[in-house]
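Inspection log for the structure reproduced underneath, given as structure tokens.
The values are calculated or read from the model by the stated rules, or taken from the named source; none is laboratory data. Just so we're clear, the structure is a prediction, and the values are computed from it rather than from any experiment. Glycine also receives a Cβ, built like all others from the backbone with ideal geometry; neighbour counts cover every protein chain displayed.
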Amino acid sequence: MPCRIPRWSSLIASPAVTLIELLVVMAVIGILSAMLLPALGRAREHARRAHCLNNLNQVGKALALYGNSFADYLPSVPGWGTNAAEYAMTGGTLMPFSGHQGLSRHMVIGYGAEEVDADTRLTLGRLNFVPVGLGMLAARDDISPNVLVCSSMQRTVDTAYGTAPYQFLPAMPKVLGNSAGKTIIHSDGRQLHHTPTSGGKTVTAILSSYSYRNTPFYSRLTPANAPTGWSYSADHPSLADYSNPGQPWVAEWALEGVRPQARAQFMCPPWKTAGRLGNRAVCADTFDAAPLMPGLGRFHHRDGFNVLYGDGHAVWFSDESEQLLTWKDWADAANPGTDNLTISSASSQKAWLQFDRAAGIDMP
């Protein structure tokens, strides 16, 4: 008689999965996910941190190229020693906002003129911005603006100097566009934040996610070499008392903690040349802070900062204790209760000194 092939359903037992078994499987999956997701998050952050470190290595190479081209001098701002910078080129002259705080901010890479109708005037191709600090490297095409964005700092970040708001955009390179190698100078600034000034005008600053040490030095303290009768008035933002043409002098302040003693001059970079800088820190993930608020480190790696040193190497500075992230000791000695971490002031040098000492430099 013909052989009958049994049905598979009669050979394989298929008991139903109980609700308890299903719940157990789901619980195991949940536990494994809870264990794996933080590890994946840490792996992504380590990858972003490595990418950030590579950015700083590129900045280090670009600074070396710049120094080779300019007799060892490091980039800062046009018009050292003055409280307003004039940038002239074919087609016009750009005179930025007369107050110097914007030019002194550690994160600024481009600074615009005061505008009444910035939303319509800051169009691509016009003479819009003075390149400042690391922005001078981008203006020379030594680096791309993409290099000046930390891959961990991927959110819009608001900061301020006093009550004047400034804003960092992670999409900054895309917003700026590129015009025949004239990035920064001829950038499209319409989508950037416009900070109110006086007379219904605004000023627009391009911010990176890195702090640069050689922005112009600034202090509210009366220097020892001030001419007779000179004083600083915190209520006098035009800084007319700084720029009396009848007093040709340059104010100097001793840099705190530096061994041997070094002196910074008003509205000049603290370290004018690579030789004077030596192996000290020159660039880092931003520690910029609004008045009496924690530093912006909470928007990137949180537990530390990548730091570039004068010899070109970049390393990790651990801040798990949140010394810089939450440090409140930024007050200006001349104005207790103020916070000048935002600019290249005597108080901001305290942060750079921490980076220096982590590398065994300027030890007490």
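A few notes on this one:
- G110 modelled with pLDDT of 90 or more and closer than 12 Å to G189 by Cβ: yes
- Selected residue (criterion: surrounded by the most Cβ atoms within 10 Å (Cβ to Cβ)) from residues of segment 135-148 that are out of contact with any helix residue (DSSP H, G or I) (no Cβ under 6 Å at 6 or more places or on another chain) and touching a residue at least 40 places away in the same chain (Cβ under 8 Å): G135
- Filtered by the rule that a residue be over 16 Å from the mean Cα position of the chain (by Cα), aromatic (F, W, Y) and crowded, with 24+ Cβ neighbours inside 10 Å, segment 274-327 gives no residues.
- Here A88 clears all of (1) within 30 Å of I185 (Cβ to Cβ); (2) modelled with pLDDT of 80 or more except the condition numbered (2).
- Residue within segment 156-167 that is touching a helix residue (DSSP H, G or I) at 6+ places or on another chain (Cβ under 6 Å) and in a loop (DSSP other than H, G, I, E, B) present: no
- The set of residues in segment 57-82 being touching a helix residue (DSSP H, G or I) at 6+ places or on another chain (Cβ under 6 Å) and modelled with pLDDT under 95 consists of V77 alone.
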